[in-house]
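The next block holds one structure in the form of structure tokens; read it before the comments.
The values are calculated or read from the model by the stated rules, or taken from the named source; none is laboratory data. Everything quoted here is computed from the prediction, not taken from an experiment. Counting neighbours? That spans all protein chains shown, and the Cβs are built from the backbone with ideal geometry, glycine included. These area figures cover heavy atoms from the full protein model, side chains too; ligands, DNA and RNA do not enter into them. Shrake-Rupley method; radii C 1.70, N 1.55, O 1.52, S 1.80 Å.
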Amino acid sequence: ISYNLISIYFIKNENTKHHSVFQFLNSLLKLFFLFVLSLTYQNLLTILLIYYFIFLTIFLFYLSYLKIKFEINKESFNFFDLIFVLTGSLIFQIDKIIGENTLTTNDLFIYFFIFKLSSIFQILGSILTQPTRNKVLKNGTIDEFTKKEINFFTLIILVALIFVNLIVFLIQNYFPDNIKLIFNFNNILIFNLWSLAFILHIFNGFYIDGMFIKGYSKKIIFYNFLILIVQSIVMIFFSQLSLWVLSIFIGQLVLTIFSYFYYISHANS
């Protein structure tokens, strides 16, 4: 809640620069705390609890500066919009919940560590596309020029992913043996699947938001539930991290295909 209130403050004031800086610093500090606190604490939840306690403390200190006003919306409460938001959020959270009960400590740590590394592409996508996203939220539609912007930024992020893989491939022989164990095929596969899932999420987020603005959130809910069911089955019955991430990647691919073609053929008509 605190994180989103800060983001909304910057978006509403059309302060794209500070919004991007905020997202970047939050992710960077979270990764830093993961490294530093892991030297003392072995429990991942303890590490996250400490970080979010610090984050909440800073937020409460600056709350008055944000000048946030809570007002009652005169429009009727839309239950389907709430389900849409909750199911969409769970798609990227259900693995953390299930992982605490099904994965070993080492696997959970590796999984979360690769997840945070891959989130660099989510941060890059947010920085590049935030002005375009603000324009979509303001205008409530995706015109032809905006589509070109979305495609262009998505291509840049994909090229960045290819470049990272190329660098790792060229220098991996110079890694110490203990580092080579981390950069094995399975972990690199997980990294790339997570990265591609984030890139697809950046891309389809525009069209999903566009559908939501146009009142088509019910159309997405079915796919959200379907993806959550498939992910839950895979994560409960299999402990292979690559299968976990593959299910998330396929889920984002399904959402991308559906939201794009549905918006193009219906919502933007």
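One residue is enough: does the stretch 93-104 have a residue meeting the conditions touching a residue at least 40 places away in the same chain (Cβ under 8 Å), within 24 Å of residue 10 (Cβ to Cβ) and either open to solvent by less than 20 Å² (accessible area, probe 1.4 Å) or hydrophobic (A, V, I, L, M, F, W, C) (or both)?
The answer is no, given that none of the residues of the stretch 93-104 is touching a residue at least 40 places away in the same chain (Cβ under 8 Å), within 24 Å of residue 10 (Cβ to Cβ) and either open to solvent by less than 20 Å² (accessible area, probe 1.4 Å) or hydrophobic (A, V, I, L, M, F, W, C) (or both).
Which of the residues spanning the stretch 77-92 are part of a loop (DSSP other than H, G, I, E, B) and open to solvent by 60 Å² or more (accessible area, probe 1.4 Å)?
Within the stretch 77-92, 77, 78 qualify.
Only one of (1) touching a Phe, Trp or Tyr at 6+ places or on another chain (Cβ under 8 Å); (2) within 25 Å of residue 93 (Cβ to Cβ) fails for residue 172. Which number is that?
(2)
Can you list residue pairs whose Cβ atoms sit under 6 Å apart, with the first residue in the stretch 11-29 being open to solvent by 50 Å² or more (accessible area, probe 1.4 Å) and the second being at pLDDT 80 or above? Count only pairs 6 or more apart in sequence or on different chains.
24/123
Counting only residues that are modelled with pLDDT of 90 or more and among the β-branched types (Val, Ile, Thr), which one in the stretch 133-177 is farthest from residue 196 (Cα to Cα)?
Within the stretch 133-177, the match that is farthest from residue 196 (Cα to Cα) is 150.
Pairs please, first residue from the stretch 46-63 and open to solvent by 100 Å² or more (accessible area, probe 1.4 Å), second anywhere and not in a helix (DSSP H, G or I), Cβ atoms under 9 Å, 6+ apart in sequence or on different chains.
49/43
Could you list, in sequence order, the residues of the stretch 111-152 that are among the charged types (D, E, K, R) and touching a helix residue (DSSP H, G or I) at 6+ places or on another chain (Cβ under 6 Å)?
Result: 116, 149.
Kindly indicate whether residue 110 is part of a loop (DSSP other than H, G, I, E, B), at pLDDT 85 or above and not acidic (Asp, Glu).
no
Of everything in the stretch 136-148, what is part of a helix (DSSP H, G or I) and buried (at least 18 other Cβ atoms within 10 Å of the Cβ)? Give them in sequence order.
136
Select from the stretch 1-56 the residues that are small (Gly, Ala, Ser) and within 18 Å of the chain's Cα centre (by Cα) and list them in ascending order.
2, 7, 20, 27 - these are the residues of the stretch 1-56 that are small (Gly, Ala, Ser) and within 18 Å of the chain's Cα centre (by Cα).
Scan the helices (runs of 4 or more DSSP H) fully inside the stretch 160-251 and keep the ones with 3 or more residues being open to solvent by less than 80 Å² (accessible area, probe 1.4 Å).
Once the helices (runs of 4 or more DSSP H) in the stretch 160-251 are filtered for at least 3 residues that are open to solvent by less than 80 Å² (accessible area, probe 1.4 Å), what remains is 185-213, 217-237.
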